[in-house]
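The values are calculated or read from the model by the stated rules, or taken from the named source; none is laboratory data. These numbers were taken from a predicted model, which means no experiment stands behind them. Here the Cβ is made from the backbone with ideal geometry for all residues, glycine too, and neighbour counts use every protein chain on show.
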Amino acid sequence: MDHLTALENKSIFIIREAYYRFRNIAMLWSVGKDSTTLLWLVRKAFFGEVPFPVIHIDTTYKFPEMYRFRDEYAKKWGLNLIVGRNEGQVEAGMGPGKGTKLDCCNELKTNALKRIIEKNGFKGLLLGIRRDEHGIRAKERVFSPRDENFKWDYEDQPAELWDQYKSTAAEDNHFRVHPILHMTELDIWKYIKRENIPLTELYLSKSGKRYRSIGCAPCCSPIDSNASNVDEIIAELESSHTSERAGRAQDKEDAYTMQKLRSLGYM
Amino acid sequence: MDPSNKVFVLGIDGAPQTLLSEYMAEGVMPNLKKILSGGYSLHQMDASIPDVSSTSWTSFMTGVNPGEHGIYGFMELAPNTYRMTFPNYASIKAPALWDMIGGTSGAKSSTLAEKFKGRVPNDLRSIVLNMPETFPAPRLNGVLTAGFVCPDLKKGTYPDSAYEYLRSINYIMDIEASNASDKPDAFFDEALFALNKRAEAFTHFMDKERWDLFIGVVTETDRLHHFFFDAARDKAHKYHERFVFFYSRMDDMIGRVFERFMDATGGQGLFMTMSDHGFAPIRKEVYLNRLFVEKGLLTLDPAREYFEQIGQGSKAFVMDPGRIYINLEGRYPGGAVAASEKNAVANEIKTLLLDLKDSDGNAVIKRVFEAAELYSGPEAGRAPDLVAVGNDGFDIKGNIKKPEVFGTSHFRGMHTRHDAHCVLPSGAAIPERLHIENLAGIILERFI
């Protein structure tokens with residue numbers, strides 16, 4: 001079996017396992033390349049159907065290309081799409097220009113998602129995160145419990161040897177399930193190429209720039225790149241040493257700093 | 001070089017001279033007591049103003065005042081805006097000790113560097129561990145891993161081999177302060193874990209690297225003080241024993257590094273311990289921005305956040321801890337005070353603050369300094385116009401959202417300027433009253 005097929009098999013096993021154990025699950029779809037790949041795998045796992053809701057957290061700051069893509073494929077693939085917005089905060093003008101970016105993410109992403117989980121009582125959530133994305137994600141498990149405050153206790157996690165996933169938790173908890181945790185950025189692109197998975201054009205170079213990672217428009221910066229198709233992206237990644245989220249690095253450092261200062265009573 | 005010229009500095013963040021004295025008398029710190037009886041003295045020392053770690057540690061590492069090194073706190077506003085930024089090592093304008101003896105000052109200069117130029121070698125190696133305000137790690141002649149705030153261990157450590165080592169021992173950059181209120185036992189456990197990791201890393205680098213200057217800092221003392229300083233002396237406090245136990249482990253570490261250092265230098269090296277500020281119990285937190293709002297000096301636009309809330313016609317605002325900035329025309333986008341009115345506004349604020357009393361009639365502010373009294377140098381133009389220093393017990397805060405002038409929270413300890421400590425060999429040539437800015441000069445003298 002080739003490398004990509006082995007990765008695909010593992011992902012599909014995890015997806016089916018999650019659905020079998022929890023039933024009341026959903027997946028998060030940011031419309032980026034990773035969660036779109038996850039969505040593709042879910043469709044493969046259930047023979048073209050997606051038997052649970054697909055949640056898109058809409059901060060209202062996403063790129064227009066992302067909204068267009070979402071609506072087009074939600075229809076084409078017959079998705080049960082739940083769009084989550086923290087309406088109160090959106091109306092109050094919350095945004096990256098107001099307060100800190102951490103506040104903005106908290107209100108428009110985290111709290112919006114909390115409400116959807118509360119309302120629907122989901123026991124499991126499929127997410128398209130990958131271990132090589134960011135240092136902290138390297139500690140993630142495939143089945144990762146969260147408490148009612150969304151807190152992730154990374155020092156107290158099951159070991160997950162031999163594909164034995166722990167899937168029982170206290171009443172208030174839900175599980176994050178990460179079917180593509182084991183894939184790298186390069187694996188994803190190679191898989192996208194093999195499967196011909198559709199993506200938004202933001203990833204492709206236009207006048208010397210492209211996005212390597214997408215989220216909310218005000219908080220993402222494009223990288224210098226001439227890669228205008230998937231083959232060129234793969235070639236670029238094979239020779240690149242900068243981090244995937246480099247365009248988001250300063251924000252992360254500032255957000256961390258702010259959280260630390262706040263915990264000691266500054267601000 | 002002659003091993004007897006080595007210098008070892010053990011930084012103990014926020015450890016007050018008064019508390020160390022008491023703990024030695026009570027037998028909590030027998031190792032420190034033994035060191036003192038062998039020819040060392042414990043001095044009370046003044047910290048920088050404002051007495052926050054970023055400013056005070058930068059004063060220690062550069063040996064100059066904030067008017068030269070440029071660090072006035074953990075936060076600043078970006079020029080001509082009300083947008084917050086976070087100064088880090090890259091913002092420091094003066095060379096640090098390791099630059100002055102390691103040949104890495106580059107274009108940086110300072111009055112202290114000038115004084116020692118050509119008199120100290122420029123090829124000495126330094127090991128700097130967990131020193132606050134050193135992120136991102138500079139390429140020094142030696143090894144450095146940054147202390148608070150260090151968002152990324154890899155970027156905070158130089159060279160890469162040191163990072164690989166720290167990762168291999170599960171070294172942690174900081175402990176999770178947010179556990180202090182809801183999981184206090186986990187908080188104390190993690191503080192001890194961090195202390196052990198620091199000790200492990202200190203002894204590793206002491207033994208495995210070639211060095212002339214070693215600076216190792218323990219920051220967990222500061223964290224304990226912020227949340228549990230009321231437990232330091234109160235024997236009935238639920239966490240008194242855990243607090244004291246931490247200090248006994250700290251004392252153990254002091255004893256171990258002292259012995260190791262003395263063995264390596266035949267008893268001739270210069271050993272010191274020091275802190276960047278002292279601590280006192282909090283009676284009340286004081287939110288000066290709220291006072292300014294009530295007195296018509298500040299208007300806030302609640303639709304915005306942090307300092308971008310500062311509204312039209314505002315005359316002044318406060319950033320942590322007691323840094324007061326006058327909203328000058330030309331300096332800020334909504335500047336409302338003309339240069340000619342600046343002194344009048346400053347005087348109005350001084351009077352207001354010095355008259356401020358809490359509900360029991362206690363005076364809140366000990367002194368209001370003008371910038372020129374505290375700061376001199378090329379960075380003095382960015383200094384706060386006034387700095388308010390509170391009486392012990394009144395923790396001056398720059399929080400902009402509080403609905404009242406006075407309040408309390410889960411914090412139990414506040415920084416003080418006057419009760420930092422320094423342990424030095426008895427008879428060392430030092431000023432009558434030590435200031436943290438003096439220490440770099442004392443260290444450099446050793447390398448002449």
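Computed values, structure above
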{"quantity": "Some residue of region A:20-27 being under 24 Å from residue A:144 (Cβ atoms) and free of Cβ contacts under 8 Å to residues at least 40 places away in the same chain", "calculated": "yes"}
{"quantity": "Members of region B:270-299 found to be polar (S, T, N, Q), part of a loop (DSSP other than H, G, I, E, B) and surrounded by 22 or more Cβ atoms within 10 Å (Cβ to Cβ), listed by number", "calculated": "B:275"}
{"quantity": "Selected residue (only one of B:54, B:59 is within 12 Å of chain A (Cβ to nearest Cβ), crowded, with 24+ Cβ neighbours inside 10 Å, at pLDDT 95 or above and under 13 Å from the mean Cα position of the chain (by Cα))", "calculated": "B:54"}
{"quantity": "Residues located in region B:22-50, provided they are surrounded by 17 or more Cβ atoms within 10 Å (Cβ to Cβ) and among the acidic types (Asp, Glu)", "calculated": "B:46"}
{"quantity": "Of all residues in region A:228-266 being within 23 Å of the chain's Cα centre (by Cα), away from chain B (no Cβ under 14 Å) and part of a loop (DSSP other than H, G, I, E, B), the one that is modelled with the lowest pLDDT", "calculated": "A:244"}
{"quantity": "Answer from A:78, A:121, A:93 - the residue that is surrounded by fewer than 17 Cβ atoms within 10 Å (Cβ to Cβ) and either within 14 Å of another protein chain (Cβ to nearest Cβ) or in contact with a helix residue (DSSP H, G or I) (Cβ under 7 Å, 6 or more places away or on another chain) (or both)", "calculated": "A:93"}
{"quantity": "Residues within region B:153-177 that are within 11 Å of chain A (Cβ to nearest Cβ) and in contact (Cβ under 8 Å) with a residue 12 or more places away in the chain, tallied", "calculated": "11"}
{"quantity": "Where a residue in region B:140-151 is under 23 Å from residue B:105 (Cβ atoms) and modelled with pLDDT of 95 or more and its partner, wherever it lies, is in a strand (DSSP E or B) and small (Gly, Ala, Ser), with Cβ under 7 Å and at least six apart", "calculated": "B:140/B:126; B:141/B:126; B:142/B:126"}
{"quantity": "First in region B:215-236 and of a type in the set (Gly, Ala, Ser), second anywhere and in a loop (DSSP other than H, G, I, E, B) and surrounded by fewer than 23 Cβ atoms within 10 Å (Cβ to Cβ), Cβ under 7 Å, 6 or more apart", "calculated": "B:231/B:237; B:231/B:239"}
{"quantity": "Any hit, region B:115-123, residues being small (Gly, Ala, Ser) and buried (at least 18 other Cβ atoms within 10 Å of the Cβ)", "calculated": "no"}
{"quantity": "Residue B:397 touching a Phe, Trp or Tyr at 6+ places or on another chain (Cβ under 9 Å), within 12 Å of another protein chain (Cβ to nearest Cβ) and free of Cβ contacts under 8 Å to residues at least 40 places away in the same chain", "calculated": "no"}
{"quantity": "For residue B:101: the one exception among (1) more than 14 Å from every other protein chain (Cβ to nearest Cβ); (2) surrounded by fewer than 18 Cβ atoms within 10 Å (Cβ to Cβ); (3) of a type in the set (A, V, I, L, M, F, W, C)", "calculated": "(2)"}
{"quantity": "Output for region B:13-43, where each listed residue is in a helix (DSSP H, G or I) and in contact with a helix residue (DSSP H, G or I) (Cβ under 9 Å, 6 or more places away or on another chain)", "calculated": "B:19, B:20, B:23, B:24, B:25, B:30, B:31, B:32, B:33, B:34, B:35, B:36"}
{"quantity": "Selection count where residues are buried (at least 20 other Cβ atoms within 10 Å of the Cβ), in contact (Cβ under 8 Å) with a residue 24 or more places away in the chain and within 14 Å of chain A (Cβ to nearest Cβ), scope region B:178-197", "calculated": "4"}
{"quantity": "Residue list for region B:308-333, restricted to those being within 23 Å of residue B:394 (Cα to Cα) and within 14 Å of chain A (Cβ to nearest Cβ)", "calculated": "B:317, B:318, B:319, B:320, B:321, B:322, B:323"}
{"quantity": "Tally, over region B:282-306, of residues that are of a type outside the set (A, V, I, L, M) and either facing another protein chain (nearest Cβ under 10 Å) or closer than 30 Å to residue A:96 by Cβ (or both)", "calculated": "11"}
{"quantity": "Any hit, region B:25-44, residues being modelled with pLDDT of 95 or more and within 16 Å of the chain's Cα centre (by Cα)", "calculated": "yes"}
{"quantity": "Residue satisfying all of: in region B:105-139; more than 22 Å from the chain's Cα centre (by Cα) and touching a residue at least 60 places away in the same chain (Cβ under 8 Å); nearest to the other protein chains (Cβ to nearest Cβ) among these", "calculated": "B:125"}
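This table checks each residue for (1) in contact with a Pro (Cβ under 6 Å, 6 or more places away or on another chain); (2) in a helix (DSSP H, G or I); (3) modelled with pLDDT under 95.
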| residue | (1), (2), (3) |
| --- | --- |
| B:199 | no, yes, no |
| B:214 | no, no, no |
| B:227 | no, yes, no |
| B:236 | no, no, no |
| B:243 | no, yes, no |
| B:251 | no, yes, no |
| B:268 | no, no, yes |
